[in-house]
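First up is the structure itself, then whatever we jot down about it.
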Amino acid sequence: MSTLTAGDPAPDFTLLDQDEAAVALGDYRGQRVILYFYPAAMTPGCTTEACDFRDSLEPLAAAGFAVLGVSKDSPATLREFRDHDQLTFPLLSDPDHAVQEAYGAWGEKKLYGKTVIGAIRSTFVIDAEGRIEQTFYNTKATGHVAMLRKRLGLAA
């Protein structure tokens, strides 16, 4: 698995969102993007993380950031996740995990002491020109958004 570092071009993509509309990273050129990858919609950790992003969306948007969440879930599952937890940012479906692989967010990881292949909880801050500003691999669901806001210089 190769990982991205600050200064690398962010791999471009087009994925379907929870409403089956195509969303491309290029659609966000000219603004900063927080792109985060999570294992599965409606699981406890992923729900905690998504709700933390939802609750921080106003200060993030005020600072010029768009938030995009990506998982292997289908658009229908993402729509259910959005509706159940009142999520207010795009959730993108990457069923073949090609985008996750391009970002180094898919691969071998430990889960309950076993080695498995799957989504690696990761977040990327992408600048307005489409370059990686910051990378966070193997993040924890709880407290991640607060840490990210602190690193971005935004009050928690």
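Just give me the residues in the stretch 121-156 being in contact (Cβ under 8 Å) with a residue 24 or more places away in the chain and of a type in the set (A, V, I, L, M), in sequence order. Residues satisfying the conditions are VAL125, ILE126, ALA128, ILE132, ALA141, VAL145, ALA146, LEU148, LEU152, LEU154, ALA155.
Right, GLN31: more than 15 Å from the chain's Cα centre (by Cα) and closer than 16 Å to PHE124 by Cβ or not? Taking the combined requirement at face value, the residue satisfies it.
Mind checking which residues of the stretch 61-74 are assigned to a loop (DSSP other than H, G, I, E, B), surrounded by fewer than 20 Cβ atoms within 10 Å (Cβ to Cβ) and out of contact with any Pro (no Cβ under 7 Å at 6 or more places or on another chain)? Quick ask: steps written out before the conclusion?
Taking the stretch 61-74 as the starting set, the residues that turn out to be assigned to a loop (DSSP other than H, G, I, E, B) are 63-64, 72-74.
This time we only want the ones that are surrounded by fewer than 20 Cβ atoms within 10 Å (Cβ to Cβ), so: 63-64, 74.
Within the stretch 61-74, ALA63, GLY64 qualify.
Hey, any hits in the stretch 128-144 for a residue that's modelled with pLDDT under 95, farther than 19 Å from ALA40 by Cβ and either among the small types (Gly, Ala, Ser) or in contact with an Asp or Glu (Cβ under 9 Å, 6 or more places away or on another chain) (or both)? Taking every residue of the stretch 128-144 in turn, at least one turns out to be modelled with pLDDT under 95, farther than 19 Å from ALA40 by Cβ and either among the small types (Gly, Ala, Ser) or in contact with an Asp or Glu (Cβ under 9 Å, 6 or more places away or on another chain) (or both).
Of everything in the stretch 103-127, what is closer than 20 Å to GLY30 by Cα and either modelled with pLDDT under 95 or not hydrophobic (A, V, I, L, M, F, W, C) (or both)? Give them in sequence order. Quick ask: steps written out before the conclusion?
Filtering the stretch 103-127 down to residues closer than 20 Å to GLY30 by Cα leaves 123-127.
Within the stretch 103-127, THR123, ASP127 qualify.
Count of the stretch 119-146 residues, restricted to those that are surrounded by 15 or more Cβ atoms within 10 Å (Cβ to Cβ) and not hydroxyl-bearing (Ser, Thr, Tyr), is 15.
Considering only residues in the stretch 78-99 that are polar (S, T, N, Q) and within 18 Å of TYR28 (Cβ to Cβ), the one that is surrounded by the most Cβ atoms within 10 Å (Cβ to Cβ) turns out to be SER93.
The values are calculated or read from the model by the stated rules, or taken from the named source; none is laboratory data. None of these values were measured; they are calculated from a predicted model. Ideal geometry is used to build each Cβ from the backbone, glycine not excepted, and the neighbour counts take in all protein chains shown.
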